[in-house]
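Worksheet: one structure, shown below.
The values are calculated or read from the model by the stated rules, or taken from the named source; none is laboratory data. What you see is a predicted model; the values in this text were computed from it and never measured. Here Cβ is always computed from backbone atoms with ideal geometry, including for glycine, and neighbour counts include all displayed protein chains.
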Amino acid sequence: MPSWWWLLIEVLVKVVLVLVPLLTVAALLTWDERKQSALMQDRLGPNRANIGPFTLWGLIHPIADTLKLFFKEDIVPDRADKLLHALAPILALAPSLIVYCVIPFGPAVQIPGIGRPIALQVADLDAGLLFIFAISSLAVFGVALAGWASNNKFSLLGALRASAQMFSYEIVLGLAAVGVIVVFGSVRMSELVARQATPLWGGLPSWGILVQPLGFVLFMVAALAELKRSPFDVPEGESEIVAGFWTEYSGMRWGMFYVAEFVEVSVLSGLLVALFFGGYHIPGVDPGWALTGHTVAIPFTSHGLAIAGWGWGLLMMLAFGLKVIVGDVVLQQIRWTFPRFRYDQVMSLGWKMLLPLALLNVLVTGAIVIR
Amino acid sequence: MQGLADAGWLAGLRLSDLLFYAVALVAVTGALAVAFGRNIVYSAFGLLLALFGVAAIYVFISADLVAVVQLLVYIGGVLVLILFAIMLTSKIGDARRSNLTLALVPGGVIFLLLLGLTVFLSLTTPWGTVAGRGLPTLRDAALEPTSERIGDALLTDFLLPFEIASVVLLAALIGAVIIARKEMRLLTTGGGQGNRP
């Protein structure tokens, strides 16, 4: 077979390696969300769906929910714009699935039997971090078109709120990431993660959260706002505008928005892990142990990407997955801990507090790096 | 360069060529939707396709950073603002309100001038020697990292244009604030609550 066939197979395998866990975790997160909310509100949570006598702590509920969504009537409002109404959920879901292709879920590994090293990342783009922002900015279109196409005042209000909120916090998200870019000197995701293995003081690794604490807080808050989940869920605001841009959706189209939300939780958790929590690196393990001593050259830079043994690569993949899931649970917990902001509070927090802080962070980081 | 005259031109098609034509089709379809769409929301959506297709073509000429910036600035920024303006304007879906075009005669003159310029450029550009001057061609560009070199160039050789662009942006920002404030003042003096700045 020609070499590009092998390349195609390699990419497809990696896509499966990313998408299957991503969607499985998204389904499990719907269960986790309901259990966590139950815990916070002193309830039992979902526990009825069963296969025979087994309820598995409610773990069957995601399957039952999906089946129900598929068989529910798909109601499209009479005066809605049919094409855009159908397209909007796809536009909301697709970007969050694409973003994961540049997040490295493991180091470059040497697998026995395969001649060349394999990077555990679908696409190692040169402008990786910028690509993430570019693609995630597309998510606004799904929301905005959903609101507009529904031909419902509440939907439109929700869409306006969502677009304004996502647009505002995208700026903070980007500026918070600039600090990380300046410190690690790259926008390539594989390099950003690899640089976090270099030791800091006292054996601590130079994880993003340690060298960019303010950047981390800003990124986290902006990420929560991008998720449109409580405390930033004014676009849905069920006590004010019914359900915002979701109002006129039902059945599996609604389900796609729902899945998109939980995939986004994992995406932002993965991004937080990759930028601030050392990516796939295992804390306490000297990354030097895992290496085979070879490197893959990164073009136009003076250094290369170290290759790890395949066993270590597997461990590091597990470490990455574990970190992402912990991040997911923390992000979900925030929803059940804080009450909702008012809309004007969301805007003034973004523009009057986070934006100046983000600019200050860039300035101070730049000054320290130059000195 | 083997042209259409070569009988085996179809056999010479590579996967990247097919991808290029697919991407170009997306861009052209989007552009047509912008020009002929009777509903301005569909036009905006066509613009999304057109800009996306152009971004993909940038990738073909090994300009991945430019492609990503195109997505970030034009689709994530400009187009969202356009959609915002559309959604905030009432009854904009009416066919009569959207896509008001110039009259036939000036429109036709502009079209013919642009057509002439495009044809002239495509005939006079020495396509075959572009590669000889060290510039990437569509067929042979390798996907090389560009962001570091562009970043360096922006802050060294092209620092002055870069700074001037930022001054222009600042001026635009201040202008936007002034326009917004003036409307606010008119609203408040028109008999609303007068305690807003």
* Asked: Just for the stretch A:238-259: of the residues that are under 22 Å from A:GLY350 (Cβ atoms) and either in contact with a helix residue (DSSP H, G or I) (Cβ under 6 Å, 6 or more places away or on another chain) or among the basic types (Lys, Arg) (or both), which one is modelled with the lowest pLDDT?
  -> A:GLY244
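Looking at the structure I just gave you, is A:VAL180 among the β-branched types (Val, Ile, Thr), away from every other protein chain (no Cβ under 12 Å) and assigned to a helix (DSSP H, G or I)? Talk me through it step by step, then tell me what you get.
Details: among the β-branched types (Val, Ile, Thr): yes; away from every other protein chain (no Cβ under 12 Å): yes; assigned to a helix (DSSP H, G or I): yes.
Taking the combined requirement at face value, the residue satisfies it.
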* Asked: Residues in the stretch A:26-41: is at least one loosely packed, with under 15 Cβ neighbours inside 10 Å and among the aromatic types (Phe, Trp, Tyr)?
  -> no
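Go through the stretch A:188-232 and give me each residue that's under 22 Å from A:LEU355 (Cα atoms), assigned to a loop (DSSP other than H, G, I, E, B) and out of contact with any Phe, Trp or Tyr (no Cβ under 9 Å at 6 or more places or on another chain).
Pass one, the stretch A:188-232, residues under 22 Å from A:LEU355 (Cα atoms): A:208-232.
So of that shortlist, the ones also assigned to a loop (DSSP other than H, G, I, E, B) come out as A:212, A:228-232.
Within the stretch A:188-232, A:LYS228, A:ARG229 meet the criteria.
On the basis of being at pLDDT 65 or above, among the β-branched types (Val, Ile, Thr) and over 22 Å from the mean Cα position of the chain (by Cα), does B:VAL130 make the cut?
Values: at pLDDT 65 or above: no; among the β-branched types (Val, Ile, Thr): yes; over 22 Å from the mean Cα position of the chain (by Cα): yes.
So B:VAL130 does not fit the description; no.
Looking at B:PHE36, is it at pLDDT 75 or above, more than 13 Å from chain A (Cβ to nearest Cβ) and within 30 Å of A:TRP5 (Cα to Cα)? Lay out the reasoning, then the answer.
Working: at pLDDT 75 or above: yes; more than 13 Å from chain A (Cβ to nearest Cβ): yes; within 30 Å of A:TRP5 (Cα to Cα): no.
Criteria not met by B:PHE36.
Based on this model, can you work out whether A:GLU240 counts as out of contact with any Asp or Glu (no Cβ under 9 Å at 6 or more places or on another chain), outside any helix (DSSP H, G or I) and closer than 23 Å to A:ASP81 by Cα? Don't jump to the end; show me each part of the working.
Numbers: out of contact with any Asp or Glu (no Cβ under 9 Å at 6 or more places or on another chain): yes; outside any helix (DSSP H, G or I): yes; closer than 23 Å to A:ASP81 by Cα: no.
Answer is no for this residue.
Mind listing whichever residues of the stretch B:28-74 are free of Cβ contacts under 8 Å to residues at least 60 places away in the same chain and of a type in the set (Ser, Thr, Tyr)?
Filtering the stretch B:28-74 down to residues free of Cβ contacts under 8 Å to residues at least 60 places away in the same chain leaves B:28-36, B:39-58, B:67-74.
Correct list: B:THR29, B:TYR42, B:SER43, B:TYR58, B:TYR74.
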* Take B:ALA24 and decide whether it is surrounded by 18 or more Cβ atoms within 10 Å (Cβ to Cβ), closer than 30 Å to B:GLY151 by Cα, small (Gly, Ala, Ser) and assigned by TED's automatic domain parsing to the domain that holds B:GLY77. => no
* To do: Report yes if A:LEU91 is touching a residue at least 12 places away in the same chain (Cβ under 8 Å), within 13 Å of chain B (Cβ to nearest Cβ) and within 27 Å of A:LEU271 (Cα to Cα), otherwise no.
  => yes
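Which residues, counting only those in the stretch A:298-346, are at pLDDT below 80 and of a type in the set (A, V, I, L, M)?
First pass over the stretch A:298-346, keeping only residues at pLDDT below 80: A:298-313.
Within the stretch A:298-346, A:ILE298, A:LEU305, A:ALA306, A:ILE307, A:ALA308 qualify.
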* To do: Identify, from the list A:GLY311, A:GLY366, A:GLY327, A:GLY321, the residue that is on the phi < 0 side of the Ramachandran plot and surrounded by fewer than 13 Cβ atoms within 10 Å (Cβ to Cβ).
  => A:GLY311
* Structure fact -> Picked from the stretch A:127-143 (must be without any contact (Cβ under 8 Å) to a residue 60 or more places away in the chain and either among the small types (Gly, Ala, Ser) or touching a Gly at 6+ places or on another chain (Cβ under 6 Å) (or both)), the residue farthest from the other protein chains (Cβ to nearest Cβ) is A:PHE133
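For (1) farther than 23 Å from A:GLU264 by Cα; (2) touching a residue at least 24 places away in the same chain (Cβ under 8 Å); (3) outside any loop (DSSP other than H, G, I, E, B), each residue gets a yes or a no:
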position	(1), (2), (3)
A:GLN333	no, yes, yes
A:THR337	no, yes, no
A:PHE341	no, yes, no
A:GLN345	yes, no, yes
A:SER348	yes, no, yes
A:LYS352	yes, no, yes
A:LEU357	yes, yes, yes
A:VAL362	yes, yes, yes
A:GLY366	yes, yes, yes
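Taking the stretch A:77-91 as the region of interest, how many residues are out of contact with any Leu (no Cβ under 9 Å at 6 or more places or on another chain) and buried (at least 17 other Cβ atoms within 10 Å of the Cβ)?
In the first step, residues of the stretch A:77-91 are kept if they are out of contact with any Leu (no Cβ under 9 Å at 6 or more places or on another chain); the result is A:77-80, A:82-83, A:86, A:89-90.
Keeping just the survivors that are buried (at least 17 other Cβ atoms within 10 Å of the Cβ) gives A:80, A:89.
Adding up the residues that qualify gives 2.
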* Hey, could you check the stretch A:144-162 for residues that are surrounded by 24 or more Cβ atoms within 10 Å (Cβ to Cβ) and not hydrophobic (A, V, I, L, M, F, W, C) and say which is nearest to the other protein chains (Cβ to nearest Cβ)? => A:GLY147
